[in-house]
1. Show the residue pairs that are 6+ apart or on different chains and have beta-carbon atoms under 8 Å apart, the first residue being within segment 100-112 and not assigned by TED's automatic domain parsing to the domain that holds Ala400, the second being of a type in the set (Lys, Arg) and in a helix (DSSP H, G or I).
2. Just the residues that are among the hydrophobic types (A, V, I, L, M, F, W, C) and in a loop (DSSP other than H, G, I, E, B), please, taken from segment 147-199.
3. With the checklist (1) polar (S, T, N, Q); (2) over 26 Å from Gly331 (Cα atoms); (3) in contact with a Pro (Cβ under 9 Å, 6 or more places away or on another chain) in hand, flag the one item Ser416 doesn't pass.
4. Could you tell me whether Thr128 is over 30 Å from Gly314 (Cβ atoms) and in a helix (DSSP H, G or I)?
5. Output the qualifying pairs, or none if there are none: Cβ atoms under 9 angstrom, residues six or more apart or on different chains, first residue in segment 288-314 and touching a residue at least 24 places away in the same chain (Cβ under 8 Å), second residue among the aromatic types (Phe, Trp, Tyr) and surrounded by 14 or more Cβ atoms within 10 Å (Cβ to Cβ).
6. Answer with yes or no whether Val374 is out of contact with any Ser or Thr (no Cβ under 9 Å at 6 or more places or on another chain), under 20 Å from Val326 (Cα atoms) and in contact (Cβ under 8 Å) with a residue 24 or more places away in the chain.
Amino acid sequence: MVRHLPAATRGGLYRWLRRRPRGGGTGARPRAPAGCAGRGQRARHAACPPRGPGVTALARGRTAFHLWLCGSTVSALGDAVTGFAVGWAAAAHGPQAAGLVLTAGSAPLCLVLLVGGVLADRWGFRRTLVGCHAVMIAAMVTLALVAAAGPVPLGALVASSVVAGTVAALRRPAEGAFPRLFALPDELPRVMATVTVALQSARVAGPGVGGLLLGGGGLAAVAWVDAASFAIALAVVLLVRPPYEPAAAGDAPRPGLREALAAFGLARATPGVPAALVAVVGLALTVLPLVALCVPLAGRERGWGATATGVVAGAWVVGALLVSLVVVVRGAPPAPLAATGPALAAAGAAVLAVTDGVVPAAVGVGLVGAGSSVLTTALMPRFVTATPSGRLARFQALLALAQALPVLVATPLLGSLASRWGAGAALALVVAALLVTTVPARRALCTLPVPSP
């Protein structure tokens, strides 16, 4: 199979797998990026080394990163557990009620993301995360008390979903930017891949853990566990002091909405960023609806059963995690190989479209996960490196928006197409869109700066 790839891609794949990992990583001694403000110049990148003796011994280098990663993983597990449990509780009120609860959580996520980016850049990442974690502790304790008193009314589930979605939108830009504070540009691919592996593993485990907690103690037990997970994340954020602090935003404050929307103009003026966002939109339009919608529809059409369909859908995570693990050890794939990621995902979607067997379908969905990860593990560090000083959280908000909004459009469109012509027609559209995504992906990888020391 490998020998049929183009020569440039084949050579890039061999070099990537044979490359020795560079020194440093999260355990390296912190070094100041070139042009840092501490040396009398504006920071070239979106982070600077700490000033003064405020960094404790506990919060330096490898210990600080691993401590933060553990706290963030525990919080992500709590989110996944509660998301499953609230959806299960809402389903007891009927399908329409379940849809209302899910919509109540996703709508704020799309509406408040840019505001969260502005707040994180203005107030600081740590202060934003502290406030959001504290609000979520109070929200989960309240839900636990309501659930312990008796059957949870639908209004309480909707309110909990709205609060969780709003707080998630406010904290997501800061969470997405936080790993940058532990790494120099050339260390970003391995650091970000490590974070991806940990958080994806927590999200995969969440529904299973949520089911066990629901069976043992009901929604109240789930809410208490989630409150404890946010308390752990809050303690970790208060304790750690990342080696590289973000540069403060240098522009004059504007009215809130105007300042949030100004991020679009800044992104358009930054070379390579528009193409990167278009490539992310292409993945969001195709990969996420494929896993969440097309796989279940194909499973019902082909008589796979719930268990087999779940295995096929889970293969996407397996493929993505395998690539991320390789990146943790070897570093990001070279640009020629990374640019073929959407085409590899398109090949996997095509396999899913034409096969009736469970094993070939799982292989195809695994290729979708691997292809999307091959692109993103190279693209995301370059995107962060290209972010202007003091705008890291705002650009992370744009990135999250590019992932969230297309799903709201693509899911009903693909569902309508599948209901009329079958899951194969929806998958054919996914294949075509993924092949088109290779164009902005290649342009972004050629334009964005390569992370370097």
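The values are calculated or read from the model by the stated rules, or taken from the named source; none is laboratory data. None of these values were measured; they are calculated from a predicted model. Positions of Cβ are backbone-derived with ideal geometry, glycine not excepted, and every protein chain shown enters the neighbour counts.
1. Cβ pairs passing all conditions: Leu109/Arg172.
2. First pass over segment 147-199, keeping only residues among the hydrophobic types (A, V, I, L, M, F, W, C): 147-149, 152, 154, 156-159, 162-164, 167-170, 174, 177-178, 181-184, 188, 191-193, 195, 197-199.
Val152, Ala183, Leu184 - these are the residues of segment 147-199 that are among the hydrophobic types (A, V, I, L, M, F, W, C) and in a loop (DSSP other than H, G, I, E, B).
3. (3)
4. So Thr128 passes the test.
5. Close Cβ pairs satisfying both conditions: Leu290/Trp316; Val291/Trp316; Val295/Trp316; Ala298/Trp304; Val311/Trp304; Val312/Trp304.
6. Details: out of contact with any Ser or Thr (no Cβ under 9 Å at 6 or more places or on another chain): no; under 20 Å from Val326 (Cα atoms): yes; in contact (Cβ under 8 Å) with a residue 24 or more places away in the chain: yes.
Here the answer is no, as Val374 does not meet what is asked.
A quick yes/no check of all residues on (1) surrounded by fewer than 23 Cβ atoms within 10 Å (Cβ to Cβ); (2) touching an Asp or Glu at 6+ places or on another chain (Cβ under 7 Å):
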{"residue": "Gly390", "(1), (2)": "yes, yes"}
{"residue": "Ala397", "(1), (2)": "no, no"}
{"residue": "Leu427", "(1), (2)": "no, no"}
{"residue": "Thr447", "(1), (2)": "yes, no"}
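Yes or no, residue by residue, for (1) buried (at least 24 other Cβ atoms within 10 Å of the Cβ); (2) more than 24 Å from Ala147 (Cα to Cα); (3) under 19 Å from the mean Cα position of the chain (by Cα); (4) of a type in the set (Val, Ile, Thr):
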| residue | (1), (2), (3), (4) |
| --- | --- |
| Ala91 | no, no, no, no |
| Leu100 | no, no, no, no |
| Pro108 | no, no, yes, no |
| Leu111 | no, yes, yes, no |
| Gly116 | yes, yes, yes, no |
| Ala120 | yes, yes, yes, no |
| Phe125 | yes, yes, yes, no |
